[in-house]
Amino acid sequence: MEAMAAYAAAENITANVKAAHTWLLCIAKYLRYPLSSFSASDTSETSLTRETVKQEMEELLQQLRPDLKRRPAQAALYHA
């Protein structure tokens, strides 16, 4: 029984960290990081402004609604 509980806890932690990692990848994409992975047209001054990035990030963060009590990795990312 204890082994099953430990397995379930580990599985929950794994899912939490995996989801947080997915969100980090999305955030990096919206921030155009690393810059070397984007073309010059994606990051040109005329098409990319601070306000554009801010708006995109606000929209993305509205989608991030983790269970702050049971998902500590996602909660830490949300509050960062």
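Ignoring lysines fewer than eight residues from Lys69 along the same chain, the ones with Cα atoms less than 19 angstrom from its Cα are Lys18.
Here Lys54 is the anchor, and the lysines within straight C-alpha reach of less than 21 Å, apart from those fewer than 8 places off in the same chain, are Lys29.
So what is log10(I(q)/I(0)) for segment 2-79 at q = 0.11, 0.12, 0.17, 0.19 1/Å, when the Debye sum runs over its Cα atoms only? Values returned for q = 0.11, 0.12, 0.17, 0.19 Å⁻¹ are -0.41, -0.47, -0.74, -0.85.
Considering only alpha-carbon pairs that sit under 8 angstrom and 6 or more positions apart, the relative contact order computed for the chain is 36 percent.
A short reminder: the numbers here are calculations on the coordinates, not readings from a lab. This is a predicted model, so every value here is computed, not measured.
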